[in-house]
1. Just to be sure, is GLU58 charged (D, E, K, R) and within 23 Å of ALA26 (Cβ to Cβ)?
2. Check HIS181 against each of (1) in contact with a His (Cβ under 7 Å, 6 or more places away or on another chain); (2) closer than 21 Å to GLY107 by Cα and name the one condition it does not meet.
3. Among ASP62, ASP24, which is the only one that is assigned by TED's automatic domain parsing to the domain that holds ALA95, within 24 Å of ALA141 (Cα to Cα) and at pLDDT 90 or above?
4. Check whether at least one residue in the range 188-195 is more than 24 Å from GLU58 (Cα to Cα), free of Cβ contacts under 8 Å to residues at least 12 places away in the same chain and loosely packed, with under 14 Cβ neighbours inside 10 Å, and report yes or no.
5. For residues that are among the aliphatic types (A, V, I, L, M) and outside any loop (DSSP other than H, G, I, E, B), scanning just the range 92-118, find the one that is nearest to the chain's Cα centre (by Cα).
6. Just to be sure, is THR34 among the polar types (S, T, N, Q), buried (at least 17 other Cβ atoms within 10 Å of the Cβ), assigned by TED's automatic domain parsing to the domain that holds ALA125 and without any contact (Cβ under 8 Å) to a residue 40 or more places away in the chain?
7. Right, LEU44: touching an Asp or Glu at 6+ places or on another chain (Cβ under 8 Å) and either crowded, with 23+ Cβ neighbours inside 10 Å or not hydroxyl-bearing (Ser, Thr, Tyr) (or both) or not?
8. Could you look through the range 159-175, keep only residues that are modelled with pLDDT of 90 or more and touching a helix residue (DSSP H, G or I) at 6+ places or on another chain (Cβ under 7 Å), and pick out the one that is nearest to TYR238 (Cα to Cα)?
Amino acid sequence: MNPQDGSVDVARAVGAKCVLVVDDDADIRHVLRTLLERSGLDVLAAGSGRAGMRELFEHRPDLVIVDLGLPDLDGLDLIGRIRDVSGVPILVLTARFHEQEKVECFGAGADDYVTKPFGNPELLARVHALLRRAQPVQEMAEAFDDGPLHVDFTAHRVTLAGEEVALTPTDWSLLVALVRHRGRILSPGQLLELAWRDPVGVGADRVKFAVLRLRRRLGWQDPVTSPIEAVRGFGYRYRGTDALRRNG
């Protein structure tokens, strides 16, 4: 174990499914390790959100179990960061039981939600059900590079022509949604689901103004040359910085 961040490394058996547990409670990590290993799974564990992200990038687990009460990152933020780079199934395991928190977790990208204290048979059933339904985890892109635009998903850093651009959390989530679906038209509703933690009650006008603000921050105000294209009646798409060169 790393005494500073609570991370635990384990050698993975060939062909075995691997679960990453991110929880700051050492007793919970021990219980989950024992339970999951007895069911034939390999287990990685981390005691903080940042340690969990390091394990995610290094070991590419097949499922992640996330506690919401982490010491360094809010659990919802961690779910969002994982979703920025991976489609790995996420199971939230937490003592929080309010319905709104469940809604926010699902909105951020979680696949299932279990409250503590939990029954071992039910937790195992949910874990194995998620593993059965999951598509093979694709290699995660750590960055997006499109000529002058560079998006570092790990560091949450955006540079344009070598200069760092300061973005708000919504700007960041909106840009990530667009570049990760490059060439695809995303409706305002889809962007709300991808870029807003709690899209309930947020209208399409909010998306419009957020896109305009993002364009302005990146210096792409001209709709003719902007890599972020508004497709009338449908939504928005990232068409790439070739648009700047073609019309520059």
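1. yes
2. All conditions pass for HIS181, except number (1).
3. Details: ASP24 fails: within 24 Å of ALA141 (Cα to Cα).
One residue alone meets the criteria, ASP62.
4. Let us first name the residues in the range 188-195 that are more than 24 Å from GLU58 (Cα to Cα), namely 188-195.
If we keep only those that are free of Cβ contacts under 8 Å to residues at least 12 places away in the same chain too, we end up with none.
No, the range 188-195 contains no residue that is more than 24 Å from GLU58 (Cα to Cα), free of Cβ contacts under 8 Å to residues at least 12 places away in the same chain and loosely packed, with under 14 Cβ neighbours inside 10 Å.
5. By that ranking, first place goes to ALA108.
6. no
7. When the stated conditions are applied, LEU44 passes them.
8. LEU175
The values are calculated or read from the model by the stated rules, or taken from the named source; none is laboratory data. Owing to the predicted nature of the structure, the values given are computational and were not obtained by experimental measurement. Every residue, glycine as well, gets a Cβ built from its backbone with ideal geometry; the counts of neighbours run over all protein chains shown.
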